[in-house]
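**Student:** Here you go, one structure.
Every number here is computed from the coordinates shown, using simple stated rules; none is lab data. In this text the structure is predicted, and so the values were computed from the model without any measurement. When we count neighbours, we look across all protein chains shown, and the Cβ atoms used for this are built from the backbone with ideal geometry, even at glycine.
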Amino acid sequence: MRLKHKRNGHAGKWFISLVLLVVLAVYSVIYTEKIIKPNVAAIAEVRVKAMITMVVNEAVHKQFKSDAALSELLTIKTDQDGNITYVEANTIAMNSLVTELTNMVQQQFRKMDPANLSIPVGSIIGSQILSQFGPYINLKVLPIGTSRFNYKTEFEGMGINQTKYKVFLVVDSQARVLAPFSINNINIGNTILIAEAVIVGEVPDAYINVPPGSAMDATNFFPE
């Protein structure tokens, strides 16, 4: 009887240990998916964005080695004083640029070696207190492709009679993050300014700037 009771006691301990191991394994998987992988992806994304920006900037520099060549991206009209009065993106030049840069960047990606990152464990587990302390985990980050290479334009007000016209390259890329515990592919969007011009308009005889919400703002008297 004592022997049977002793065996039952051992069986109970083994069962409890097994349950604890299963719970720990499940918790580790959930913690990795919910905390560690997103943090690793965020850290890697910063590095990959810097890598892609460098590659694209180098490609743009090779494609347009002078400001005169870069100005071909814009269609500009000026007044008799030389002030820019009209500007728009040169669609033909931009499409040609996008095609050339896509090929150049893809070739450069294929030549690139993985970037090695040493990240404190505290940063990966999301601890602000331990974010600067080791041990360190080594990651490898490698751009693996560009799915979309396009451009966009934007107007930015600079004053009462000036507007800045900007042309950006929009790059959507994929990168692979190699970690001791996983291999993760991430998608990254990057926007890079490549050209700009200032449009100068006529200076009005009088100009009053009424900040929104101030006592002089008429919309205060006509609430919606």
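**Student:** So for each of 79-91, 51-63 I average, over its residues, the number of other beta carbons within 10 Å; can you give me the resulting order with the highest mean first?
**Tutor:** 51-63, 79-91
**Student:** What are the ³J(HN,Hα) couplings of segment 23-30, residue after residue, when phi is run through the Karplus curve with 6.51, -1.76, 1.60 and θ = phi - 60°? Round to Hz, x for glycine and proline.
**Tutor:** Once rounded to whole Hz, the list reads 4, 5, 5, 5, 5, 5, 5, 5.
**Student:** Rounded to the nearest 0.05, what FRET efficiency is calculated for residue 86 and residue 185 with R0 set to 45 Å and r the Cβ-Cβ distance?
**Tutor:** Computed FRET efficiency for residue 86 and residue 185: 0.55.
**Student:** Right, here's the next one. Please turn the phi angles of segment 82-99 into ³J(HN,Hα) values with the Karplus equation 6.51 cos²θ - 1.76 cosθ + 1.60 (θ = phi - 60°), one per residue in order, whole Hz, x for glycine and proline.
**Tutor:** Calculated HN-Hα couplings, in order: x, 6, 6, 10, 8, 8, 8, 5, 7, 4, 4, 5, 5, 5, 5, 4, 4, 5 Hz.
**Student:** Can I ask one more? Between residue 90 and residues 5 or more places away or on another chain, which pairs have amide H atoms under 5 Å apart, with H built 1.01 Å from N, and which residues are they?
**Tutor:** So residue 90 has HN proximity to 74, 75.
**Student:** Still on this structure, I have one more. If R0 is 22 Å, what FRET efficiency do you get for residue 42 and residue 193 from their C-beta distance, rounded to 0.05?
**Tutor:** Computed FRET efficiency for residue 42 and residue 193: 0.40.
**Student:** Return the sequence-ordered ³J(HN,Hα) values of segment 116-124 in whole Hz as given by the Karplus equation 6.51 cos²θ - 1.76 cosθ + 1.60 applied to θ = phi - 60°, using x for Gly and Pro.
**Tutor:** Those phi angles translate into 8, 10, 10, 10, x, 4, x, 5, 6 Hz.
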